[in-house]
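Every read-out reported here was derived from the displayed coordinates using simple, explicitly stated rules and does not represent laboratory data. All values derive from a computational prediction rather than experimental measurement. A quick note on method: Cβ atoms are made from the backbone with ideal geometry, for glycine too, and the neighbour counts reach across all protein chains shown.
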Amino acid sequence: MPSHRTQMKIVGEILSTTMDTDSQDGTNITHLIRMANISHGRISTILGNLVSQGLLEQVDSKRSCKYKISSSGKEFLLAYKTFREFSEDFGLTI
């Protein structure tokens, strides 16, 4: 039986995707939807929360709105990955 992803795992995937993007302009929402495998409605809510918490920066371009990871988002992502690896060593999932 497939397990459902937690909200924290989805946030981690979104932050990882924005950090791994080569473009300095940010990542568009379509790319995030594909990489995180999540609906537009749900990702819009999550992105709004991440921007308001200062983990992502919203960059307005001519054609669309793009997102890039902030410095605090990079710190959060590093801490999240460290904690995830630590918990997996003990057989726990987050």
Q.
Rounding to the nearest 10 and keeping the result within 0 to 90°, find how far the Cα-based axis of helix 7-20 lies from the longest principal axis of the chain.
A. 50
Q. How large is Rg over Rh for the chain, taking Rg from the Cα atoms and Rh as the Kirkwood inverse mean of 1/r across Cα pairs?
A. 0.99
Q: Sort PHE83, PHE76, PHE90 so that the residue with the fewest other Cβ atoms within 10 Å of its own Cβ comes first and the one with the most comes last.
A: PHE90, PHE83, PHE76
Q) When all C-alpha to C-alpha distances in the range 29-69 are sorted into bins of 10 Å, what percent of pairs does each bin hold, rounded to whole numbers? A) 29, 60, 11
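Report the relative contact order of the range 7-89, percent, no decimals, based on alpha-carbon pairs under 8 angstrom and at least 6 residues apart.
32
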